[in-house]
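To start, the structure under review is shown below, and the notes come after it.
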Amino acid sequence: MPLASVYPHYVAKAEKKGRTAAEVDEIISWLTGYDEAGLRRVLDDQVDFATFFAAAPAMNPNAALITGSICGYRIQDIEDPLMRQIRCLDKLVDELAKGKAMDKILRG
């Protein structure tokens, strides 16, 4: 599944709660190391999640601090690395939409 098919839903979820697309982009950048141009390129090229995460410039080592449940699954219990990365991104966007402060979301 391409990231571009889910990205608008991430943005809509954030904007519905008064947050911005720029904040969603900041979260993605923090997690994966993609800069703005790199993120736009993977969105335009319809890159799938597996390729998106595999080609990430620098996965954040603090991503291991992302815990909790998303869609009924405990992130720390997910064995498949790709699914764990996807769920971590989902969790970060959820935290943004719930009004959590950006420094807390980014595990600062």
Review point. At Ser69 and Lys17, where each label point lies 7 Å from the Cα along Cα→Cβ, what is the point-to-point distance in nanometres?
Key: 1.7
Practice item. Whenever you get a sec, compute what percent of the accessible area on the chain sits on carbon and sulfur atoms (1.4 Å probe). Key: 54
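First select every other residue whose beta carbon is under 12 angstrom from the beta carbon of Ala64; then total the charges, Lys and Arg +1, Asp and Glu -1.
Around Ala64, the charge tally is +2.
Ignoring ligands, DNA and RNA, what accessible area per residue does the chain give at 1.4 Å, in Å²?
Numbers: 5880 Å² over 108 residues.
Here the residues of the chain average 54 Å² of exposed surface.
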Check your understanding: Could you work out the helix-only [θ] at 222 nm for the chain, with each DSSP H run of four or more residues adding -39,500 (n - 2.57) and the total divided by the number of residues, to the nearest 500 deg cm²/dmol?
Key -> -17000 deg cm²/dmol
Point to revise | Which of Pro57, Ala37, Gly68, positive extreme of dipole for the chain (C-beta unit charges) | key: Gly68
Review point. Could you give the nm distance between label points at Met83 and Thr51, where each point is 7 Å from its Cα heading toward the beta carbon?
Key: 2.3
Check your understanding: How large is Rg/Rh for the stretch 30-108, to two decimals, with Cα atoms and a Kirkwood Rh?
Key -> 0.96
Check your understanding: In debye to the nearest 20, how big a dipole does the stretch 1-88 give about its Cα centre with +1 on each Lys and Arg Cβ and -1 on each Asp and Glu Cβ?
Key -> 340
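The values are calculated or read from the model by the stated rules, or taken from the named source; none is laboratory data. Fair warning: this is a prediction, and the values are worked out from it, not measured in the lab. All Cβ positions, even for glycine, are placed from backbone atoms using ideal geometry, and neighbour counts span all protein chains on display. Ligands, DNA and RNA are stripped out before the accessible areas are found, and what is left, the full protein with its side chains, is counted by its heavy atoms. Shrake-Rupley method; radii C 1.70, N 1.55, O 1.52, S 1.80 Å.
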